[in-house]
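Here is the structure we will look at, set down as structure tokens.
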Amino acid sequence: MKSNIINDSYSDYHIHSLFSDWVSTIEEITQFAGIIWMKEIAITDHSDQAVKVWIEQNKITPWWWAKYSLNNWENVRNDVNVIFWVEWDILNENGDTCLDSQWHPQRFTILSVHRRVYESDPTTTWKWFLAAIERYHQQIDCIGHPYSKKQNWEFIDIKALVDLCNQYNIPIEFNHSVLESGDYIEENMIYVLKNAKRIYVNSDAHNLAQIRQLRKSCYDFLENM
């Protein structure tokens, strides 16, 4: 395995649940993770602002957001260590971000940008994304899919991003969902894999099968680089 990969194939730190844009509950995810011998997973649901936007655009069903809560949840199914992060969103060219998920801030965070949630000119995304890293670097645990064609990343200065993350020791993820969809800027993804000092291999799973597929697809890709 490449020396800059900081997790192993039995951990996954980017998984979505019913709360934001998946069809499975945390109970179902946890049970399945135990079946495939995972040791640690992170539930990383989208920020409240992203969920609000997607409800307004009829991308997800509102009752999911209203009735589902992580408060006081614990794993009683198996020995998988389940932790809770949140996928933050940068919102605009003022550098504003949504740090909250389920109405309270989470300590562990993936910083991302999503096209429908970012409110300003998409060509400005990379500038304010780097500014957000400068502002919040002590709270950022991972940078999410910074080479996806769908999420304004075609405008990123990938070298500047990698340099800044290396400066602050922030991992960048190798994202299974983006890899499998083919929705990536290849030269930027390869640059990240070769030059980022720290990389998480994550599924960004939106269904159970994607958690299992991560074990093979991403690591096979790394092996063949």
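Hey, does the stretch 118-137 have a residue that's in contact with a His (Cβ under 8 Å, 6 or more places away or on another chain), in contact (Cβ under 8 Å) with a residue 24 or more places away in the chain, open to solvent by less than 70 Å² (accessible area, probe 1.4 Å) and not charged (D, E, K, R)? No: the stretch 118-137 contains no residue that is in contact with a His (Cβ under 8 Å, 6 or more places away or on another chain), in contact (Cβ under 8 Å) with a residue 24 or more places away in the chain, open to solvent by less than 70 Å² (accessible area, probe 1.4 Å) and not charged (D, E, K, R). For the stretch 74-82, the criterion of a residue being surrounded by fewer than 20 Cβ atoms within 10 Å (Cβ to Cβ), at pLDDT 75 or above and touching an Asp or Glu at 6+ places or on another chain (Cβ under 6 Å) is satisfied by at least one position. For the stretch 15-28, a residue qualifies if it is out of contact with any helix residue (DSSP H, G or I) (no Cβ under 7 Å at 6 or more places or on another chain), at pLDDT 80 or above and buried (at least 16 other Cβ atoms within 10 Å of the Cβ), and the qualifying residues are HIS16, ILE26.
In summary, LEU70 fulfils each of the numbered conditions (1) outside any strand (DSSP E or B); (2) at pLDDT 80 or above; (3) under 18 Å from HIS14 (Cβ atoms) with the single exception of condition (2). Restricting the first member to the stretch 158-175 and to residues that are at positive phi, and the second to residues that are part of a strand (DSSP E or B) and open to solvent by 20 Å² or more (accessible area, probe 1.4 Å), no beta-carbon pair is closer than 9 Å while six or more apart or on different chains.
The values are calculated or read from the model by the stated rules, or taken from the named source; none is laboratory data. All of these numbers come straight from a predicted model, not from anything done at the bench. Note that we place each Cβ from the backbone using ideal geometry, even for glycine, and neighbour counts take in every protein chain shown. Please note that ligands, DNA and RNA were not included when accessible areas were found on the heavy atoms of the full protein model with its side chains. Shrake-Rupley method; radii C 1.70, N 1.55, O 1.52, S 1.80 Å.
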